[in-house]
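Structure record follows, encoded as structure tokens.
The values are calculated or read from the model by the stated rules, or taken from the named source; none is laboratory data. Because the structure is a prediction, the values reported are computed rather than measured. Note that we place each Cβ from the backbone using ideal geometry, even for glycine, and neighbour counts take in every protein chain shown. Each accessible area value is taken on the protein alone, full model and side chains, heavy atoms only, with ligands, DNA and RNA left out. Shrake-Rupley method; radii C 1.70, N 1.55, O 1.52, S 1.80 Å.
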Amino acid sequence: MSARVPIYDAGMLIALADRKAKAVALHDGLRTAPHRALVLGPVLAQVWRPQPALVYALSGVLKDCTVPQARTSEPPMRETKAGRPECLACATGPDLADWRRIGTALGRAALPTKKRPDAVDAWVALAAARHGSAVIFTTDPQDINAYLTALAPTDVHVVPV
């Protein structure tokens, strides 16, 4: 069991909806992690479309995830014998300093050629940094790594899917 907070970007959600073997195996392995996989609201909005098969697949995935501060989402932390701990990073929304850090990362990130700055990817990177010890599951590791380099967190890892 890992103490790292799992964070999904849009590519990971798409891979899960498409039932890609690596994504499904990783997701299944995280079902017992203390912190549910984190899906930011803007990430979900990037992927969600009114297509029955997609809605069905994503709805199943979201049962094992948390969307911070969404009223109907699963809580970030799983129940333990001692009760349910809280995740302060999930409980508190971004403040002005966070949005400024995202903007700074957008301006400083050395993105791969032909890539444009993406505020949602930068927010995923900052959410990982705010959690301290996190792992981002992504289909765009170069983009995420560019934002992480600009943000310089101390303990965030990237896993390509």
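Return yes when Gly11 is more than 24 Å from Thr92 (Cβ to Cβ) and free of Cβ contacts under 8 Å to residues at least 24 places away in the same chain and no when it is not.
Considered against the rule, which asks whether it is more than 24 Å from Thr92 (Cβ to Cβ) and free of Cβ contacts under 8 Å to residues at least 24 places away in the same chain, Gly11 comes out as no.
Report whether or not Ser133 is in contact (Cβ under 8 Å) with a residue 60 or more places away in the chain and open to solvent by 30 Å² or more (accessible area, probe 1.4 Å).
It is true that Ser133 is in contact (Cβ under 8 Å) with a residue 60 or more places away in the chain and open to solvent by 30 Å² or more (accessible area, probe 1.4 Å).
Rundown of residues vs (1) basic (Lys, Arg); (2) open to solvent by 30 Å² or more (accessible area, probe 1.4 Å); (3) more than 19 Å from the chain's Cα centre (by Cα), yes/no style:
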{"position": "Arg84", "(1), (2), (3)": "yes, yes, yes"}
{"position": "Cys87", "(1), (2), (3)": "no, no, no"}
{"position": "Trp99", "(1), (2), (3)": "no, yes, no"}
{"position": "Ala119", "(1), (2), (3)": "no, yes, no"}
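Exactly one of (1) of a type outside the set (A, V, I, L, M, F, W, C); (2) over 23 Å from Lys20 (Cα atoms); (3) open to solvent by 20 Å² or more (accessible area, probe 1.4 Å) is unmet by Asn145. Its number?
Only one criterion is unmet by Asn145, namely (2).
In region 29-76, what residues are open to solvent by 60 Å² or more (accessible area, probe 1.4 Å) and outside any loop (DSSP other than H, G, I, E, B)?
Answer for region 29-76, where residues must be open to solvent by 60 Å² or more (accessible area, probe 1.4 Å) and outside any loop (DSSP other than H, G, I, E, B): Ala45, Gln46, Pro52, Ala53, Tyr56.
How many residues, within region 148-161, are within 14 Å of the chain's Cα centre (by Cα), open to solvent by 40 Å² or more (accessible area, probe 1.4 Å) and over 19 Å from His27 (Cα atoms)?
Summing the residues that are within 14 Å of the chain's Cα centre (by Cα), open to solvent by 40 Å² or more (accessible area, probe 1.4 Å) and over 19 Å from His27 (Cα atoms) in region 148-161 gives 0.
Taking Leu26, is it open to solvent by 30 Å² or more (accessible area, probe 1.4 Å), in a helix (DSSP H, G or I), touching a residue at least 12 places away in the same chain (Cβ under 8 Å) and out of contact with any Phe, Trp or Tyr (no Cβ under 7 Å at 6 or more places or on another chain)?
For Leu26, the condition - open to solvent by 30 Å² or more (accessible area, probe 1.4 Å), in a helix (DSSP H, G or I), touching a residue at least 12 places away in the same chain (Cβ under 8 Å) and out of contact with any Phe, Trp or Tyr (no Cβ under 7 Å at 6 or more places or on another chain) - is not met.
Would you confirm whether any residue within region 103-113 is under 26 Å from Arg31 (Cβ atoms), over 16 Å from the mean Cα position of the chain (by Cα), open to solvent by 30 Å² or more (accessible area, probe 1.4 Å) and not aromatic (Phe, Trp, Tyr)?
No: region 103-113 contains no residue that is under 26 Å from Arg31 (Cβ atoms), over 16 Å from the mean Cα position of the chain (by Cα), open to solvent by 30 Å² or more (accessible area, probe 1.4 Å) and not aromatic (Phe, Trp, Tyr).
Going through Val43, Val61, Val39 one at a time, which residue ends up being among the aliphatic types (A, V, I, L, M) and free of Cβ contacts under 8 Å to residues at least 40 places away in the same chain?
Val39
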